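> This structure is in structure tokens; I'll ask about it shortly.
The values are calculated or read from the model by the stated rules, or taken from the named source; none is laboratory data. Values in this document were obtained by computation on a predicted structure and should not be read as measured data. Cβ: placed from backbone, ideal geometry, glycine included. Neighbour counts: every protein chain shown. Keep in mind that these areas ignore ligands, DNA and RNA; they rest on the heavy atoms of the full protein, side chains included. Shrake-Rupley method; radii C 1.70, N 1.55, O 1.52, S 1.80 Å.
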Amino acid sequence: MKKSKRLAAWLFLMLCCAPAAHAACEVRAFDGQDYTVCTFDPAADDIRLFRADETGTIFGSFFRLKNHLAERDQTLSFAMNGGMYHPDRSAVGLYIENGGAPEQRLITSDGPGNFGLLPNGVFCFGDGHAAVIESLRFQAEAPTCPNATQSGPMLVIDGDLHPRFLPDSDSRYIRNGVGVDDTGRVWFAISDAPVTFHEFGRLFRDGLNTPNALFLDGNISRIYAPEVDRVDAGFPMGPIIGVVTPR
């Protein structure tokens with residue numbers, strides 16, 4: 001075979017037989033429930049927090065954030081509501097965006113609702129790294145976090161489910177959360193149907209192998225994942241976690 005023919009055959013094999021690129025998002029079944037799951041590498045992917053633009057106008061929706069980024073020649077490739085918020089869309093707990101001053105302080109006391117169901121935690125990321133850290137540990141260690149959003153409860157703490165989660169609970173909601181595995185990859189998930197905290201925690205611990213994972217919200221949970229044809233709409237949101245790529 002001439003050299004040119006051998007080269008053509010090699011190129012054909014490379015194009016036709018190479019494995020497909022890993023998709024960031026997919027629908028995954030776990031223990032009889034379906035979830036939309038997305039994973040990113042904080043060392044390679046541009047993960048950000050968003051709440052308001054330069055004028056203080058709240059984004060509130062994936063659509064508005066998408067248009068804001070498009071005007072700056074950037075693409076929103078993924079987004080998820082990023083923690084609990086007050087009626088004015090300000091964060092309930094610690095919130096730091098892009099290395100700025102904290103917009104809200106760390107809250108470590110128990111209280112009403114899911115946020116106060118201790119232990120709660122912080123999703124801390126930036127400078128190529130990410131972690132989910134229980135709030136009291138976060139307070140004690142004071143890690144540097146260019147971006148941080150606090151929510152609660154923790155779903156998984158050092159490999160254990162939250163101690164208040166009940167296997168036979170009848171409290172079911174659409175839920176979304178975030179975890180970080182032992183390699184440093186970030187995993188986002190949202191249930192495609194109402195699930196219990198126990199079921200959702202086991203997804204992160206046993207299905208996604210994240211030793212620490214954090215509940216972001218329930219009932220109002222939404223995701224922007226055009227890769228799997230899912231773009232949720234609803235009432236205005238507070239903090240949003242997004243992954244941005246150049247146009």
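> Rounded to the nearest 0.05, what FRET efficiency do ALA43 and ALA233 have when you use their Cβ-Cβ distance and R0 = 41 Å?
On the way: r = 32 Å, r/R0 = 0.78.
Result of the calculation: an efficiency of 0.80.
> Dipole of the chain (Lys/Arg Cβ +1, Asp/Glu Cβ -1, origin at the Cα centre): which of LEU166, ASN147, PHE40 lies farthest to the positive side?
Ranked along the dipole, the leading option is PHE40.
> Picking from VAL244, PHE204, VAL132, whose Cα lies most toward the positive end of the charge dipole for region 129-247 (charges on Cβ: Lys, Arg +1; Asp, Glu -1)?
Final value for the positive-end residue is VAL244.
> Given bins 10 angstrom wide, list per bin the percent of all Cα-Cα distances in the chain, short to long.
Once binned at 10 Å, the Cα pair distances of the chain give 7, 32, 35, 15, 6, 4, 2, 0.
> Rg/Rh for region 27-111 to two decimals, with Rh computed the Kirkwood way over all alpha-carbon pairs. Could the numbers behind the result be given before it?
Details: Rg = 15.5 Å, Rh = 15.4 Å.
Rg divided by Rh gives 1.01.
> When the label point is put 7 Å from the Cα of SER171 along its Cα-to-beta-carbon vector, which residues of region 82-110 have a backbone N closer than 15 Å?
Once the point is set 7 Å along Cα→Cβ of SER171, 110 turn out to lie under 15 Å by backbone N, inside region 82-110.
> Something else now. Among SER151, SER171, what's the order by accessible area (1.4 angstrom probe), most exposed first?
Working: SER151 0, SER171 50 Å².
Putting SER151, SER171 in descending order of accessible area: SER171, SER151.
> Something else now. Provide the solvent-accessible area of THR210, counting protein heavy atoms only and rolling a 1.4 Å probe, rounded to the nearest 10 Å².
0
> What size of dipole, in debye to the nearest 20, comes out for the chain about its Cα centre when the only charges are +1 on Lys and Arg C-beta atoms and -1 on Asp and Glu C-beta atoms?
Working: 22 positive and 30 negative charges, 204 e Å.
Its charge dipole is roughly 980 debye.
> In addition: Normalised by the residues of region 69-155, what does the relative contact order come to in percent, with Cα pairs under 8 Å and at least six apart? Kindly include the intermediate steps, with their values, before the conclusion.
Numbers: 148 pairs, mean separation 26.7, N = 87.
Contact order relative to length: 31 percent.
> Calculate how steeply helix 3-17 sits against the longest principal axis of the alpha-carbon atoms of the chain, using the helix alpha-carbon long axis, and give the answer as 0 to 90 degrees to the nearest 10.
Around 30 degrees separate the two axes.
> Moving on. May I ask you to evaluate 6.51 cos²θ - 1.76 cosθ + 1.60, the Karplus curve with θ = phi - 60°, for each residue of region 57-65 and list the ³J(HN,Hα) values in order in whole Hz, giving x for glycine and proline?
6, 5, 5, x, 8, 5, 4, 5, 5
> Once you place label points 7 Å from the Cα toward the Cβ at ASN219 and ALA142, how far apart are they in nm?
Distance between label points: 3.7 nm.
> With a 1.4 Å probe and all protein chains in place, put HIS129, HIS162, HIS198 in order of accessible area, largest first. Let's see the in-between values first.
Values: HIS129 130, HIS162 5, HIS198 35 Å².
Order by accessible area, largest first: HIS129, HIS198, HIS162.
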